[in-house]
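Reviewing the structure listed below.
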Amino acid sequence: MSINRTAKGIVLVPCLLLGAAFLAAAVWGDGDATGANQRLALVIGGVLIGGGLLAQLLPE
């Protein structure tokens, strides 16, 4: 059972970090970026964070 818990942590941490990086890039990006790039960064960040949190909710 502990292997599954470790694997969940291995999935969670990078997903949260990458998701936060994409969200930060969307929020604090420079003015040269178009609105489509900002929306794409928001979607990718949300999907990564959602996927990481969903991995924690899956049963062992």
Seminar exercise, completed: Out of (1) open to solvent by 90 Å² or more (accessible area, probe 1.4 Å); (2) in contact (Cβ under 8 Å) with a residue 24 or more places away in the chain; (3) under 9 Å from the mean Cα position of the chain (by Cα), the one residue 17 does not meet is (2)
Exercise. Mind checking which residues of the stretch 1-12 are open to solvent by 60 Å² or more (accessible area, probe 1.4 Å) and free of Cβ contacts under 8 Å to residues at least 12 places away in the same chain?
Worked result: 2, 3, 6, 10
For this session: Quick one: count up the residues across the stretch 25-52 that are closer than 20 Å to residue 8 by Cα and open to solvent by 90 Å² or more (accessible area, probe 1.4 Å).
Result: 1
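The values are calculated or read from the model by the stated rules, or taken from the named source; none is laboratory data. The structure presented is a predicted model; accordingly, all values stated were derived computationally and were not measured. Don't worry about glycine lacking a Cβ; one is built from the backbone with ideal geometry, like all the others, and counts go over all protein chains shown. Calculation scope for accessible area: heavy atoms of the full protein, side chains included, ligands and nucleic acids excluded. Shrake-Rupley method; radii C 1.70, N 1.55, O 1.52, S 1.80 Å.
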